[in-house]
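The values are calculated or read from the model by the stated rules, or taken from the named source; none is laboratory data. All values derive from a computational prediction rather than experimental measurement. Neighbour counts are summed over all protein chains in view; Cβ atoms, including those assigned to glycine, are modelled from backbone coordinates with ideal geometry. The accessibility values were calculated without ligands, DNA or RNA, using every heavy atom of the protein model including side chains. Shrake-Rupley method; radii C 1.70, N 1.55, O 1.52, S 1.80 Å.
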Number of protein chains: 2
Amino acid sequence: MMMVRKSKGLGERHIKILGFLGEHQDKGYPPSIREIGEQTGISSTSVVNYYLEQLEKWGYIERDRHISRGMRVVPERLAELGSTFAAPVQALAQAINELIRIPLAGRIGASLPMPVPASDFSYYGPEEGVEIARSLLPAKKAEELFALEVSGTSMIDAMVNDGDIVIMRQISNAETKDGDMVAVWLPERDETTLKYFYKEKNRYRLQPANPTMEPIYIPKEEPLEIRGKVVMVIRKIASGAM
Amino acid sequence: MMMVRKSKGLGERHIKILGFLGEHQDKGYPPSIREIGEQTGISSTSVVNYYLEQLEKWGYIERDRHISRGMRVVPERLAELGSTFAAPVQALAQAINELIRIPLAGRIGASLPMPVPASDFSYYGPEEGVEIARSLLPAKKAEELFALEVSGTSMIDAMVNDGDIVIMRQISNAETKDGDMVAVWLPERDETTLKYFYKEKNRYRLQPANPTMEPIYIPKEEPLEIRGKVVMVIRKIASGAM
DNA sequence: ATCATACACGAACATGCGTTCCATGTCAAG
DNA sequence: CTTGACATGGAACGCATGTTCGTGTATGAT
């Protein structure tokens, strides 16, 4: 066989280029091949192109051939790098203006049968949505996420007020882990509630976010549906509330 | 004097161009003059350039001459348009990937002497900050904004929990209007609290956000300092809370 | 009427900038 | 040592794209 020296994996120059692409971000347009060369100490445009082709193959960037400055970084791919690399790329990932548009699936309230986003998340046009900075989220895939506007004060005990927007991730009963804050649908009580979820011997403990309030217990026999896991709560405060 | 027909103000073509710049946003790089022409029904590159120069003069975009696709929209300027124009620009403003980086000024807690951002908001480097989508904010200037991380559960009654991040706008006592949710510093009680603020005959009423809780009254004689107005509250919920 | 100005075209020109091809250097496998 | 994938340069080549200029047409102002 053959086993080349460094080959696979990002080399110093890949990092430099990626880093420069990030720094260049605030210019409003991508750099040209020559500009990349100057900044990364590569004298030949063909070499820069060589690396760009690799970055494209690895999936870190996308290019539109024959178009000046026709390239863009792929934030998702970059996010994967996480903190693997130091400063240069770190800063990059954060510099990448990346907003995630989360579909507003509807409203949720004590008695409302909690809506679930279009089963397959297929495609939602210019519907209403909430834009969140990727840097605010737990850096996971943006799919599976949906938002709900809270209607009514029934979730006061979960520290969630009327008008708040909760960002949720689709999750099944099985996937739910102790300590997750989830939206629970209790068919028998015809009630939806947001609580911290804990499995105990033969019951479920639903703990309110407000530490001054007591948990409620649900016997294991009672049906219980986890509709989603709360990832974030956003409260916009208007000028003249109340 | 002279008063030309339409002149001053954005015309249909300006709007179209601005709109196209927005739509083109997700490509990752700006369009070329010719591309703009095609999409907006302008056959001559010089005419497109003509409009771009105007948009630049009006401050809607910035250009880097002699650089392919060297232009970018100025979100702040665009935000001013507000809902003045219909769909096209509306969508634009929202499509503009624009994150606002709000400096994290520090922590706030019942007994902590609430920190205030670097007096003049001069310049803050890569300090910690929170990135918010402009579309989530009340579309005002991003300056004057700062964020605080809440420490402790002393503001539970304001529906704000330990770890929450509150986005605030600097505001003086005089500017405060009834109904604003503000951070109030009570020197005599050595206490900082978040409450809805109301002026009454000879006292101030500080109303908790949680409707089930009673307001507290501060006699007008007692010193009271409004440190900021709460614009938004963000709660990130970790997987294994509690 | 006459002129200045805003609005529009389209062609020509001069770079900007991506692409391609050829030559060279390096290191590991055979 | 030879071979070959990998890494770099450098210089052309040629389309991509911004800029400039000559022209033409409304509309107001004088």
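On alpha carbon coordinates alone, what is the Rg over Rh value for segment B:21-70, Rh being the Kirkwood radius?
Values: Rg = 10.4 Å, Rh = 11.2 Å.
My calculation puts Rg/Rh at 0.93.
What is the dipole size for segment B:143-242, taken about its Cα centre, with +1 at each Lys and Arg Cβ and -1 at each Asp and Glu Cβ, in debye to the nearest 20?
Numbers: 13 positive and 17 negative charges, 59 e Å.
Result for segment B:143-242 is approximately 280 debye, rounded to the nearest 20.
Kirkwood Rh, segment A:147-242, all Cα pairs: how many Å?
On the way: mean 1/r = 0.0720 Å⁻¹.
Mean inverse Cα-Cα distance, inverted, gives 13.9 Å.
Using a 1.4 Å probe and counting only protein heavy atoms, how much accessible surface gets buried when A and B come together, both sides summed, in Å² to the nearest 100?
Values: alone 14590 and 14520 Å², together 24670 Å².
Chains A and B together bury roughly 4400 Å² of accessible area.
May I ask for the equivalent-ellipsoid semi-axes of segment A:5-46, computed as the square root of five times each C-alpha gyration tensor eigenvalue and listed largest first in whole Å?
On the way: eigenvalues 80, 34, 10 Å².
Each semi-axis is the square root of five times an eigenvalue, giving 20, 13, 7 Å.
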